[in-house]
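For reference, the structure discussed in these notes is given below.
Values in this text are rule-based calculations from the coordinates and carry no lab data. Computed from a predicted structure; not experimentally measured. When we count neighbours, we look across all protein chains shown, and the Cβ atoms used for this are built from the backbone with ideal geometry, even at glycine.
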Amino acid sequence: MATTTSGQPTRRRWWALTLIAAAQFVVIMDTSIIGAALTRIQADLGFSPENLSWVFNAYVIAFGGLLLLGGRLSDLLGARRIFMTGWAVLLAGSAVAGAAGEVWVELTGRALQGAGAALIAPSALTLLMMLFGSEPRELAKALSLYGAAAPAGGTAGVFLGGVITEYVSWPWVFYINIPIALFALAVAPALMPKAAARRGATDLLGAVTVTAGLSVAVYAIVRAPELGWGSGGTVVSLIIAIGLLAAFLVIQARKSAPLVRLGIFRTPDLGAANVAQLLLGAAWIPMWFFLNLYLQQVLGLDAFASGSALLPMTTVILLIMVAAAPRVVARIGAKPMIVSGLLVLALGLFWLSLARPDGTFWADVLPASLVAALGMALAFVPSLGTAISSARPEEGGLVSGIVNTSYQIGSALGLAAMTAVATSFGANELGSTGAVTTGLSAAFIGTAAIAVAGALIAGATLRRKAAA
């Protein structure tokens, strides 16, 4: 049987890629699958209206806050080991969240799920680079499939959450992870390449400060629309976050074996590609969130129907990322694709802002959402590939953690900011479809502005022949 430079048989590494893509699918699915179940979780466990959002936030904060540590542990202890540990933690968190009978147990389970995702995501990307990194053409194909798994997971989460909640019961939105995790743990040893653990300190102090800093920052961001951006709680939380992150930078500058080698940001295009990922997340995730609200609160679709309405977007993303993106990157380079993709995304988002209170799916949603999906598909793969291809082999996990962190933090920041915009323009006036539509339109215009800013920054900072 033919083998690759990674030492893996050719057929086996494509099966390994399937598992890696499934991992990305699951960690993103878990952010969206709870949407349709929230009302029943609230009724059964006694969540207050103000605290219900923490079923979502507990996952996002743990996920975003621990990604850098997960990436570093992948480099030090071996990506396969951390990948499997992440699945075990996700399995445990899913069991706890599904069996919860009290609020604090539910939030503990969701935080454990987020911690497991923070170990899975960077180690999966590191394993992908180990399998395909030495062959640029194959790497482009692998990254395309990996990239397509994220929006597919987000859409599938909405769809499956509605089906499971309606026809089974809400605990199964968490239990669905258990058989997937068991399968992953069973096959990963045979499919994934094994890398020897490397010498190096874990830098626990750096890990604690950056995790605490990112967690407090995400906490402040997700609470700001509720408390107000100028409120004492928000300001104090942001000051604490900035202080912790500043302390982290001081620790990294002084450590002989830091969690993050600060010189890594001098790598050509690494910073620019991460900014592109951050702004892409800040534009795309709010679009997906507010489009769901428009479908349900304005057009009156139920959870199942609204999830189904997002399937055409997912289909376009899958087709473009897998079939077209690798060829286009190879022909014109990453920079033109990133810039044009963000501009196309901005066009789709602005088109969505024109949706009417008495609109229809076919006229007001479908064409604009397909344009936005095309832009996302064009920009995501080359920006991700540019970021991770700049890494040293021994720092693949770290760079994977950085780029995942950029996207997740951008998503949280964009969603919080656009929620504040939507609310200020009337999106919380649920009795009036006109007011809700006006608020959502303002949010879509805001996300379009974010995408345009991303295109301008990418055009100004990426090298002309950015790595594909």
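The ellipsoid that matches the Cα gyration tensor of the stretch 203-258 has semi-axes, each √(5λ) in whole angstrom, of 27, 9, 6, with the longest given first. I need the Debye-formula profile for the stretch 8-192: one equal scatterer per C-alpha, no solvent, reported as log10 I(q)/I(0) at q = 0.10, 0.13, 0.15, 0.16 1/Å, two decimals. The Cα Debye sum returns log10 ratios of -0.39, -0.63, -0.82, -0.92. Taking each DSSP H run with n ≥ 4 as -39500 (n - 2.57) and averaging over every residue of the chain yields -26000 deg cm²/dmol at 222 nm. Under Stokes-Einstein, with the Kirkwood radius over Cα pairs as Rh, the value for the stretch 263-468 at 4 °C and 1.567 mPa s is 75 µm²/s.
Computed extension length for A186-R356: 56.2 nm, one decimal, from 0.36 nm per residue of separation with the Cα-Cα distance subtracted. Estimated at 0.36 nm per residue, the fully extended path between S256 and T108 surpasses their Cα-Cα distance by 49.8 nm. Computed from the Cβ-Cβ distance with R0 of 45 Å, the FRET efficiency linking L249 to T438 stands at 0.60.
Given R₀ = 45 Å, FRET efficiency for S231-L205 by Cβ-Cβ distance, to 0.05? Efficiency, rounded to the nearest 0.05: 0.90. Across the stretch 203-258, the relative contact order, built from alpha-carbon pairs under 8 Å that are at least six residues apart, equals 48 percent. Is the shape of the stretch 147-190 rounded, prolate or oblate, going by the alpha carbon gyration tensor and its root eigenvalues a ≥ b ≥ c, with a/c under 1.5 for rounded and a/b larger than b/c for prolate? Here the stretch 147-190 falls in the oblate category.
Given in Å, the Rg to one decimal and the Dmax to the nearest whole number for the Cα atoms of the stretch 49-109 are 13.6, 43. The base-10 log of I(q)/I(0) for the stretch 309-406, evaluated at q = 0.13, 0.17, 0.22 Å⁻¹, reads -0.54, -0.80, -1.07 [Debye formula, identical scatterers on Cα atoms, solvent excluded]. Relative contact order of the stretch 331-468: what whole-number percent is it, with Cα pairs under 8 angstrom and at least 6 residues apart? Normalised by residue count, the contact order of the stretch 331-468 is 41 percent. What are the chymotrypsin sites (Phe, Trp or Tyr not before Pro) within the stretch 259-367 that DSSP puts in a loop, where the Cβ has at most 12 other Cβ atoms within 10 Å? Hits after loop and neighbour filter: nothing returned.
The dipole here belongs to the chain: it is taken about the Cα centre, uses +1 on the Cβ of Lys and Arg and -1 on the Cβ of Asp and Glu, and is about 2020 debye. Between W15 and L370, the modelled labels are 3.8 nm apart [label points 7 Å from Cα along Cα→Cβ].
Its relative contact order, with pairs defined as Cα atoms under 8 Å and 6+ residues apart, puts the chain at 22 percent. Between A453 and A323, the simple spin-label model (points 7 angstrom out along Cα→Cβ) gives 3.5 nm. Placing pseudo-labels 7 Å out from each Cα toward the beta carbon at A330 and I178 gives an inter-label distance of 4.5 nm.
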